[in-house]
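Values quoted throughout were computed directly from the atomic coordinates according to the rules given, and no laboratory measurement underlies them. Predicted model, so just to flag it, every value in this text is computed and none were measured. Cβ coordinates were reconstructed from backbone atoms using ideal geometry, including for glycine residues, and neighbour counts include every protein chain displayed.
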Amino acid sequence: MLHMKHDDTWHIEPLAQSYTVVYESPDPATIFCYSPGILVLDSKFGGAKCRRLIATIDVSGPGAKKLPGKKGYRARKDGSAWQGKIFSSDDGGASWRHKADFPFLHARPFAAGDAVYVLGQADDLMVIRSGDGGETWGEPVALTGGEQWHQAPCNVHYANGCVYLAMEKRTREVVKGWPVGDMAPVLMRGPIWDDLTRRDSWTFASELPYYEAMKNVEHDGDIEYVGIPFFSTDYPEPRRLCEGRSSNPMGWLETNVIQFVDPDHYWHDPAGKTFHLWARAQTDRTGYACVAKVLEQGEDPGTGAMETTLEQVPSGKTCLYVPCPGGQMKFHVLYDEESKLYWLLSSQAVDSMRKVETLPQNRYGLPYNQRRRLQLHFSRNMIDWCFACLVAIGPRENASRHYASMAIDGEDLYILSRSGDERARSAHDGNIITFHTIRDFRRLIY
C-alpha cells in the first residue's frame with residue numbers, strides 16, 4: 001500500500017506482511033520447506049461439508065529421512081528423502097491441522113467432481129484422492145512408469161467439463177546439472193467426473209522439449225537483441241562464473257495453463273480448443289517467461305489428442321519469450337472471472353545487474369535469483385502487466401517469500417508462501433510455510 005511519510009515522501013508497504021505459519025521445520029539446518037499449494041473448497045465441490053482450505057507442501061533435506069510418516073527417496077540422485085504433507089483450515093487460514101503425509105513432491109491440490117486430488121511426482125507422476133473433503137486420503141497411485149517428471153504447484157484450469165494442468169517431463173538425459181533444457185511442458189486433461197487416479201482418465205499433450213523449441217541451443221540459441229541468455233553457457237555442462245556460482249544451460253519449467261477468453265485477443269480461439277503454457281524462463285536474466293500453445297484435435301472442445309507447438313505473432317515471427325514480471329522464478333497465474341483479469345504472483349528482483357563476482361556471501365545463486373520480495377500484478381492479456389502491490393518482504397536475505405501459490409475466496413486473495421526467517425539455511429532452503437491474506441484484492445485494480 002502507498003503511504004505518505006512524515007517528510008511528505010511516499011513509501012510502498014507490503015499488503016500482506018503478517019502471516020500464519022502453516023508448517024515450521026523442526027530443524028532448519030537439515031529439514032527444508034518447499035512447494036506450497038493451496039485450494040479453496042466449498043460444500044458444493046470436492047466432497048467438503050463446509051468451506052475449507054487445503055494446503056500441500058513438501059519437505060526435504062538431510063534430516064528429512066528421520067521424519068515419521070510416508071516418505072519418498074531420490075533414487076536417481078543422492079538417496080535423500082522427501083515427504084509431502086496435507087493441511088486443512090476451516091477458519092479462513094487462522095489455524096491449520098495436519099491431515100496426511102504422502103511420498104512424493106512438487107504437488108498441488110485440486111477439486112474435481114466430488115473428490116479432492118493431490119498430484120505431483122516421485123520421478124513418475126503420482127496422485128492421491130480424498131472423497132470426504134480432505135479428511136482422509138487414499139494410497140498413492142502412479143500415473144506413469146519409469147519416467148522423470150518435474151513441476152512446482154502452478155495453476156489448475158477448468159474448461160469443457162475437464163480439469164487442465166501442466167507437468168514437465170524430462171525427455172532425454174543430456175544436460176548436466178540443472179536439466180531444465182531437457183524438459184517438455186506437457187498439458188494434461190482429465191474429465192471432472194472421472195476417477196483421476198486412473199491413467200486412462202488423462203490425456204497427455206504431445207511433447208515439445210526446450211531443445212526443439214530453441215534452435216541451436218548448444219550455442220546459446222538462435223535469438224538476438226534481447227540479451228538471452230545473459231551468460232554464455234558450456235552446453236550441456238554448467239559454466240563456472242566464479243567461486244561457488246555457475247550458470248546452467250537455458251530451459252523452461254514450472255508451467256501455468258492459460259486460456260484466452262477475450263474475443264479481441266490475437267491469441268483467442270473462438271472454438272475453445274487452444275490453451276497456452278506460460279513457463280518460468282531459465283535465461284539468467286529477469287522479466288521474461290516462455291510461452292507455448294496446445295491445440296485440441298477433437299471435433300469438440302475437451303476431446304481428442306492435444307498438440308503442443310510454439311505461438312506466432314501477426315508478423316509471422318515465432319514467439320517463445322514474452323514479458324513477465326518475475327518470469328525468472330516460479331510464478332502463479334489465476335484468471336478472475338469477476339474482474340476479467342489475469343493475476344500474477346511472482347518474485348521481484350531489484351539487483352539482477354550486479355556483477356556476479358561482487359555478490360555478498362548471503363546472496364543465493366546468480367544475481368537474478370532473488371527470492372525475498374513477493375509481488376502481485378494484473379493484466380487483461382498476459383502481456384501488459386500493471387503493478388498491484390508488494391505482498392510480503394522477508395526481513396533478511398535468507399528469509400525468502402517466494403514460490404508462492406494463491407487462491408481466490410470471494411473478495412479476498414489467499415497466498416501460501418515458501419518462506420524463511422532468520423534461522424533459514426538459505427534463500428532457497430527455507431524453514432517455514434506461511435499463509436497470507438490480501439483483503440478485498442480487487443480494490444487494487446486501476
Residue with peak Gaussian network fluctuation, the chain [Cα springs, cutoff 10 Å], from Gly146, Gly420, Gly251: Gly146
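What is the projected area of the convex hull of the Cα atoms of segment 159-258, averaged over all directions, in nm²?
Numbers: hull surface 33.1 nm².
That works out to 8.3 nm².
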Unit charges at the beta carbon, dipole of the chain: most positive-side option, Ala159, Leu345, Ala111: Leu345
Estimated inter-spin distance, Asp195 and Lys66, nm [label 7 Å along Cα→Cβ]: 4.1 nm
Fluctuation leader among Gln121, Gln361, Gln282 - the chain, Gaussian network, Cα springs under 10 angstrom: Gln361
Rough spin-label spacing in nm, given labels placed 7 Å along Cα→Cβ, for Tyr266 and Met353: 2.7 nm
Listed pairs Lys65/Lys169; Lys99/Lys176; Lys85/Lys215; Lys215/Lys273 exceeding 32 Å between Cα atoms: Lys99/Lys176; Lys85/Lys215
Alpha carbon centroid spacing (whole Å) that separates segment 53-69 from segment 222-250: 33 Å
Longest segment of the chain lacking GluC sites (Glu not before Pro) that sit in a DSSP loop with at most 12 other Cβ atoms within 10 Å: 1-172
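Mind checking the full-extension length gain between Val226 and Trp178? Use 0.36 nm per residue of separation minus the Cα-Cα distance, one decimal, nm.
The span from Val226 to Trp178 would gain 15.0 nm if fully extended.
Using the crude model of +1 on Lys and Arg Cβ and -1 on Asp and Glu Cβ, and no other charge, please compute the dipole size for the chain relative to its Cα centre, in debye to 20.
That gives a dipole near 1180 debye.
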Dipole of segment 168-222 [Lys/Arg +1, Asp/Glu -1 at C-beta], most positive-end residue of Pro191, Met214, Val174: Pro191
Spacing of the two label points (7 Å from each Cα toward its C-beta) at Glu13 and Asp336, in nm: 2.2 nm
Stokes-Einstein D for the chain, Kirkwood Rh over Cα pairs, 4 °C, 1.567 mPa s (µm²/s): 58 µm²/s
Gaussian network model of the chain, springs between alpha carbon atoms under 10 Å - residue of Gly304, Gly316, Gly326 with greatest fluctuation: Gly316
Low-density loop cleavage sites - chymotrypsin sites (Phe, Trp or Tyr not before Pro) in segment 255-310, where at most 13 other Cβ are within 10 Å (DSSP): Tyr266
Mean residue ellipticity (222 nm) of the chain, computed from DSSP H runs ≥ 4 via -39,500 (n - 2.57), nearest 500: 0 deg cm²/dmol
Estimated D of segment 357-413 in µm² per second, where Rh is the Kirkwood radius over Cα pairs and Stokes-Einstein applies at 4 °C, 1.567 mPa s: 95 µm²/s
Efficiency of FRET from Cβ geometry, Ser80 and Val141, R₀ 22 Å, rounded to 0.05: 0.40
Amide N proximity, segment 275-311 versus Ile383 label position 7 Å along Cα-to-Cβ, cut-off under 13 Å: 311
Set of aspartates and glutamates near Lys340 by C-alpha distance (under 12 Å), chain-local residues within fewer than 8 positions excluded: Asp262
